[in-house]
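Here is the structure we will look at.
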Amino acid sequence: MSKKPKDEPQFEDLVAQVEAALQQLESGELPLEEALKRYEDGVAGLRKCYEILKKAEKKVQLLTERQGEVSEKPFEVDEEAQGEDPKKLF
């Protein structure tokens, strides 16, 4: 199994960042500019989470059982899924 580069955020860390941004936005205490920045950060985090989940879903789908052994087939990342409209996430 390949290791992720150290600078690539982990799914759990991204979820925590999105949740923190959401809590700050829901508090209503942020100035407009900071609220917009937190919103942008949250959307970017959601997009990355969605990308990670799509890759994981494809990986699971490609696992096949052959003669009692589980093997993994390489897959091409769907270019359309990467550029998918974030509005479809909700």
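Remark: residue 21 matches the filter, which requires a residue to be touching an Asp or Glu at 6+ places or on another chain (Cβ under 7 Å) and crowded, with 16+ Cβ neighbours inside 10 Å. Counting the residues of segment 45-60 that are surrounded by 13 or more Cβ atoms within 10 Å (Cβ to Cβ) and within 14 Å of residue 11 (Cβ to Cβ) gives 11. The residues of segment 28-41 that are small (Gly, Ala, Ser) and modelled with pLDDT of 95 or more amount to a single one, 35. When you look at residue 77, is it surrounded by 10 or more Cβ atoms within 10 Å (Cβ to Cβ) and either assigned to a loop (DSSP other than H, G, I, E, B) or modelled with pLDDT under 60 (or both), yes or no? Criteria met by residue 77.
The values are calculated or read from the model by the stated rules, or taken from the named source; none is laboratory data. Just so it is clear, the structure is predicted and the values come from calculations on it, not from any experiment. Positions of Cβ are backbone-derived with ideal geometry, glycine not excepted, and every protein chain shown enters the neighbour counts.
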